[in-house]
Amino acid sequence: MNNLSDRKVVIAFIFLIIGLIFILRLFYVQIINNKYKIDSDQNVLREVIQYPARGLIYDRNGVLLVYNEAAYDLMVVPRLVKEIDTLEFCQLLGIKLEDFRTKFYKARDYSRYKPSVFEKEISSKEYAKIQEKLFAYPGFYAQTRTLRKYPRESAAHVLGYIGEVNQKIIDNDSYYKSGDYIGKSGIELSYESLLRGKRGVKRVLVDVHNREKGSYMDGELDTMAVTGETIYLSIDAIIQEYGEKLMQNKRGSIVAIEPETGEILALVSAPAYNPNLLVGRDVKKNYPVLSNDELKPLFNRALMASYPPGSTFKTVQALIALQDGVINEQTGFPCIKSNVGCHNHPTATDVVSSIKMSCNPYYFSVFRKILLQNKSTSLFKDSEIGLAQWSKQVKKFGLGVRLETDLPSIQKGFIPDVDFYDKWYGKGRWAFSTIYSLSIGQGEIGVVPLQMANLSTILANRGYFYTPHLLKRIEKTDTIPSIFKIKHQVGVEAKYFTPIVEGMLKVVEEAGGTARRAKIDSIQVCGKTGTAQNPHGEDHSIFIAFAPKDNPKIAIAVYIENAGFGGTWAAPIASLIMEKYLKGSIKDLEKEKRILEANLMEVVQKKNKTSIH
């Protein structure tokens with residue numbers, strides 16, 4: 001009896017041990033070790049990133065500049081990939097076998113269980129061919145995203161482009177993950193946080209063939225993607241396109257601004273490129289071509305190219321001299337060509353005629369009076385005191401400083417100061433006679449075209465400007481950053497602008513003016529030509545202007561590289577832009593035809609070849 005009882009105890013104990021083992025094993029499998037859960041979830045559940053559509057971009061008049069087009073990323077979960085016909089799969093995607101291996105091993109190294117992007121940015125047309133066969137390749141599935149599309153194929157330097165984030169961006173900003181895209185340049189970069197939106201996650205059930213069977217838990221755990229903000233730019237799409245058309249076969253830039261707001265109406269850099277070239281899978285092919293092009297189409301000359309301002313800078317010199325009281329409106333100086341070279345014209349007897357005829361010796365004398373005000377008995381010290389004050393005054397005009405505009409990569413140009421010349425020549429070893437070339441906008445002065453357009457705005461407003469900017473409004477809030485609403489005074493009284501503006505009007509309207517080609521029927525145009533010396537080749541053609549004279553609606557700067565006299569090429573281009581903006585059409589079709597047909601790059605190339613031989 002005892003033996004039977006002992007046996008029952010032993011058997012019960014064995015069953016207890018076995019049960020305990022099962023319980024512990026189940027506890028380990030289900031609670032401690034999540035490998036089986038992961039395998040199970042990966043076989044029936046899939047987390048699909050819901051990429052938001054980036055915000056739309058319109059011009060000032062509601063013309064669509066950038067929209068989104070459907071595209072697909074082919075994702076892979078390495079753990080789920082079974083035996084497949086690799087060669088057939090490569091043919092389906094249009095990739096090489098070695099590319100397949102590289103992509104797959106990279107995904108596997110990242111994670112066997114988590115999805116990775118296998119092939120990026122497949123267009124809707126390409127995906128249609130892949131979709132019907134994708135079920136035969138377990139572990140692969142498509143994820144929807146969008147590509148940028150540029151319907152007007154212009155304003156590439158303004159709009160910029162987007163590209164995939166790198167590890168540095170991921171490390172610096174927790175929002176971004178591998179495979180995300182970010183604005184790389186232009187407005188896409190400046191307003192990335194507005195345009196990008198917010199991504200969501202969708203959890204779906206899939207069958208053994210990797211086909212979606214519906215949402216998980218009726219979508220209770222899903223999060224919706226939030227579309228990026230729609231923004232309106234200050235650009236006028238018609239004027240922007242017209243400017244790019246006029247600048248074909250030319251190197252340089254056009255910047256036009258609305259004086260009363262600081263809104264940029266057009267920002268042209270030439271040569272330009274079609275922004276659609278840097279979209280989707282074509283980026284890898286097209287970017288190196290554009291980057292290596294000797295004409296540098298990716299280089300934004302309007303913001304990054306530094307040139308001498310040439311004679312356009314005489315407007316600044318005259319204003320500073322008038323404000324300092326070292327000249328008055330009736331001050332005249334003889335045209336002594338032994339000081340600085342000058343073209344033949346009557347003697348400038350006042351400020352108005354000096355601007356009209358752009359007299360170099362006149363501004364040699366003006367600059368000497370600005371610098372040498374007898375504040376020291378030493379010529380060197382007096383020059384130092386004068387230059388220190390002059391440099392501060394010039395920078396108030398937005399020159400030699402970085403304008404806080406909403407485009408990245410803008411350069412600040414250069415306005416020399418005392419420290420610069422002390423390092424260059426040695427302290428106490430330079431004077432006015434060393435640096436007099438500054439008087440006519442040459443020497444060490446460097447400006448970017450946006451700064452010169454802003455100078456035109458200052459002249460149009462008679463003494464102030466709003467920081468030039470491209471954002472007109474954000475659709476939801478109907479606002480712009482407050483920094484663009486600040487009025488910047490340049491420290492010169494409005495009354496001193498009167499003779500400058502009058503002289504600029506005569507530059508265009510009267511015989512003997514240097515920019516007669518800028519004249520527009522029934523509109524008073526005020527302008528100033530410049531011919532900037534270029535030590536590396538032909539001189540640059542420059543023109544700044546605003547119109548109409550009273551209550552100006554547009555201010556402009558045009559730089560044409562290696563094109564010579566400002567009145568020959570830059571002035572008529574500026575007048576065509578202003579006429580198109582103010583009137584909507586061009587009356588002088590011969591002027592327009594001359595500009596459109598001109599190949600100024602060809603002229604430069606021929607001259608260079610001649611000089612070589």
First in region 568-584 and in the same structural domain as Met452 (by TED's automatic domain parsing) and surrounded by fewer than 20 Cβ atoms within 10 Å (Cβ to Cβ), second anywhere and modelled with pLDDT under 95 and in a helix (DSSP H, G or I), Cβ under 8 Å, 6 or more apart: Thr568/Arg517
Every residue from region 375-419 that is of a type in the set (Phe, Trp, Tyr), within 18 Å of Thr312 (Cα to Cα) and not in a loop (DSSP other than H, G, I, E, B): Trp390, Phe414
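For the structure I just gave you, tell me whether Gly310 is under 18 Å from Tyr436 (Cβ atoms) and buried (at least 22 other Cβ atoms within 10 Å of the Cβ). Quick ask: steps written out before the conclusion?
Working: under 18 Å from Tyr436 (Cβ atoms): yes; buried (at least 22 other Cβ atoms within 10 Å of the Cβ): yes.
It is true that Gly310 is under 18 Å from Tyr436 (Cβ atoms) and buried (at least 22 other Cβ atoms within 10 Å of the Cβ).
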Selection count where residues are free of Cβ contacts under 8 Å to residues at least 60 places away in the same chain and either in contact with a strand residue (DSSP E or B) (Cβ under 7 Å, 6 or more places away or on another chain) or among the aromatic types (Phe, Trp, Tyr) (or both), scope region 448-484: 4
Hits in region 420-445 (condition: assigned to a loop (DSSP other than H, G, I, E, B) and in contact (Cβ under 8 Å) with a residue 12 or more places away in the chain): Gly428, Arg429, Trp430, Ala431, Gly441, Gln442, Gly443, Glu444, Ile445
Filter result for the condition that a residue is surrounded by fewer than 19 Cβ atoms within 10 Å (Cβ to Cβ), at pLDDT below 95 and within 39 Å of the chain's Cα centre (by Cα), over Ser433, Ser409, Ser391: Ser409
Among residues of region 281-307, those that are crowded, with 18+ Cβ neighbours inside 10 Å and in contact with a strand residue (DSSP E or B) (Cβ under 6 Å, 6 or more places away or on another chain), counted: 4
Checklist (1) surrounded by 13 or more Cβ atoms within 10 Å (Cβ to Cβ); (2) closer than 26 Å to Val226 by Cα; (3) modelled with pLDDT of 90 or more; (4) not charged (D, E, K, R) applied to Tyr51, failing item: (3)
Filter pass, Lys250 being among the basic types (Lys, Arg), touching a residue at least 12 places away in the same chain (Cβ under 8 Å) and assigned to a loop (DSSP other than H, G, I, E, B): yes
Those residues of region 352-407 which are under 22 Å from Gly527 (Cβ atoms) and of a type in the set (Gly, Ala, Ser), in sequence order: Ser353, Ser354, Ser358, Gly398
Members of region 144-165 that are buried (at least 19 other Cβ atoms within 10 Å of the Cβ) and within 30 Å of Lys82 (Cβ to Cβ): Arg145
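The values are calculated or read from the model by the stated rules, or taken from the named source; none is laboratory data. Please read all numbers here as calculations on a predicted model, not as lab measurements. A quick note on method: Cβ atoms are made from the backbone with ideal geometry, for glycine too, and the neighbour counts reach across all protein chains shown.
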